[in-house]
Amino acid sequence: MYKVKDILSWINVPSDSDVVVNNIVENVDLVQKNDVFIARSGNKSDGTIYIDKALKKGACLVLSEKKVNNAICLKNFYLELSMILYKFYKLNEMEVVGVTGTNGKSTTAYILSSMCNKLGIKTFLITTTKGIENSIVTSLTTPGICDLAQIIYNAYLKGYKRVVLECSSIGMSRHRLDILNLKYLLINKITSDHLDYHKTKKNYKETKINFALEKAGSIYSLYNYRKIKNSEKGKIFSQKIKDYRSTLSSSSFIYDGIEFNINFPFKYNAYNILICYNALKEEGYDKNLIVNNLKTVYPLNGRMERVGSEDIYVDYAHTYPALKALLKEVKRYKRNIICVIGAGGERDSSKRKEYGKVLARYAREVILTDDNPRNEDEDRILNMMKVKKSFVIIKDRSKAIKAGVILYKKIKDSVLLIIGKGAEDYQIIKGKTIYFSDKEEVKKCLD
């Protein structure tokens with residue numbers, strides 16, 4: 001148990017306070033008696049305006065990004081805050097492994113954590129996907145810096161030896177991951193995303209690469225990034241696979257002299273598997289043991305997840321590269337693709353026209369519908385995607401799914417893809433979050 005004077009001694013501030021600190025938090029609504037409150041600038045508000053509220057709720061200390069009354073200002077804010085969190089939550093006691101890239105982060109992190117547990121390393125996963133054993137579900141891909149420290153510490157208290165998490169570019173840029181020293185980092189293919197935030201593809205890519213070089217003990221990838229390849233930390237593995245075969249629910253191939261039979265369709269999932277395989281092999285595990293255990297790992301909810309016995313699938317693809325890869329692979333097995341799809345509001349709008357173009361190329365029928373429009377005008381979002389006259393706009397996602405099922409039943413040799421939300425069970429419309437499940441809507445149509 002640490003006291004106020006202990007915490008302040010770490011940043012060379014004298015104190016004789018023997019108050020025992022409970023937690024370190026940056027959400028004023030979570031402040032309890034004897035917590036340390038972190039007052040920093042956020043996206044939408046300045047934490048310093050909540051200092052008085054935090055003190056009234058019982059905060060024993062306030063650490064601030066600015067010089068304000070009733071707070072101690074940290075001159076090198078994120079450096080000093082990270083050091084405090086690292087010591088307070090004993091983060092040196094836990095191995096942390098990260099996964100980054102543009103697409104496949106959630107699947108790769110899930111596969112890796114599942115395999116670590118199967119191979120005897122008690123591993124905890126931080127994820128946004130519900131229903132996974134040995135995991136916690138968070139609203140953000142990369143939780144806030146204080147939340148993340150507490151999650152890792154709680155996993156340590158429960159006896160876990162390792163934590164696996166996705167490392168998002170925004171999490172990197174907003175210092176949420178500054179507390180980490182990663183045992184190793186897996187890097188999937190980096191294309192582009194969040195250009196509303198990063199502005200350019202170059203900035204987006206360099207954010208990830210520079211983070212890897214700074215924070216990871218070792219860096220593993222199947223992709224030949226120059227800075228990674230030239231780093232002593234980096235190791236690039238071969239992508240070459242032989243005799244690749246796939247259905248809409250599984251695939252098999254030869255790699256490293258071994259036959260892989262996995263419960264994941266499509267080549268991009270094979271690569272998600274292989275980066276985990278190679279990382280575990282680097283840790284010293286026998287390759288045959290790894291491959292045998294991989295046979296018992298199944299896809300995440302909402303990732304090319306079949307609904308019922310029909311060729312109807314929900315998938316989370318929400319970037320242009322992910323959508324293109326999905327449609328291209330499905331086209332190999334089904335001539336007639338029917339898509340129900342939208343695009344998030346108040347997010348990178350540049351990808352909407354790209355969505356439309358790739359849908360026009362691969363899909364026979366396209367129904368454009370709401371996908372978390374937030375406070376943006378739904379018509380504006382959908383019209384940006386409508387690059388072809390035959391695209392139908394049905395804003396109500398429930399009605400759009402029903403129309404998609406009707407088309408699926410009508411068109412022979414067809415597959416219905418409901419894209420963008422996967423296992424998410426909500427819609428954000430006009431500032432309100434309402435319950436909504438693509439899978440449940442499909443099941444209603446099939447009953």
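The values are calculated or read from the model by the stated rules, or taken from the named source; none is laboratory data. Computed from a predicted model, the values in this text were never measured in an experiment. Every residue, glycine as well, gets a Cβ built from its backbone with ideal geometry; the counts of neighbours run over all protein chains shown. Just so you know, the surface numbers come from the protein's heavy atoms only, side chains and all, with ligands and any DNA or RNA stripped out. Shrake-Rupley method; radii C 1.70, N 1.55, O 1.52, S 1.80 Å.
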Beyond 27 Å between alpha-carbons counts as too far, so tell me which of Lys3/Lys122; Lys242/Lys421; Lys202/Lys331; Lys240/Lys331; Lys267/Lys295; Lys90/Lys201 fall in that bin. Lys3/Lys122; Lys242/Lys421; Lys202/Lys331; Lys90/Lys201
Per 10 Å bin, what percent of the C-alpha pairs of region 136-206 does each bin hold, from zero upward? 17, 47, 28, 7, 0
Search the structure for amide H atoms under 5 Å from the amide H of Leu125, placed 1.01 Å from N in the peptide plane, and list their residues when 5 or more places away or on another chain. Ser135, Ile136, Val164
Just to compare against my own numbers: the Cα pair-distance distribution for region 16-113, 10 Å bins, whole % per bin, please. 14, 36, 27, 17, 4, 0
Restricting to Cα pairs below 8 Å that are 6+ residues apart, what does the relative contact order work out to for region 45-167? Please round to a whole percent. 26
How about region 1-103: which trypsin sites (Lys or Arg not before Pro) there are in a DSSP loop, with at most 10 other Cβ atoms within 10 Å of their Cβ? Lys33, Lys44, Lys67, Lys75
Can you give me the orientation-averaged projected area of the convex hull built on the Cα atoms of region 343-443, in nm²? 6.2
For the chain, what D do you get in µm² per second when you plug the Kirkwood radius from alpha-carbon pairs into Stokes-Einstein at 20 °C and 1.002 mPa s? 91
Helix 320-331 vs. the chain, principal-axis angle (Cα, 0 to 90°, nearest 10): 30
Using alpha-carbon pairs under 8 Å, 6+ residues apart, how would you state the relative contact order of the chain in percent? 10
Carbon-plus-sulfur fraction of the accessible area of region 248-392, 1.4 Å probe, in percent? 43
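For region 222-325, with every protein chain kept in place, what is the accessible area per residue (1.4 Å probe, Å²)?
Working: 4830 Å² over 104 residues.
Per-residue accessible area for region 222-325 comes out at 46 Å².
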Count of lysine pairs, region 36-89, Cα-Cα under 23 Å, sep. 8 or more residues or interchain, comes to 16
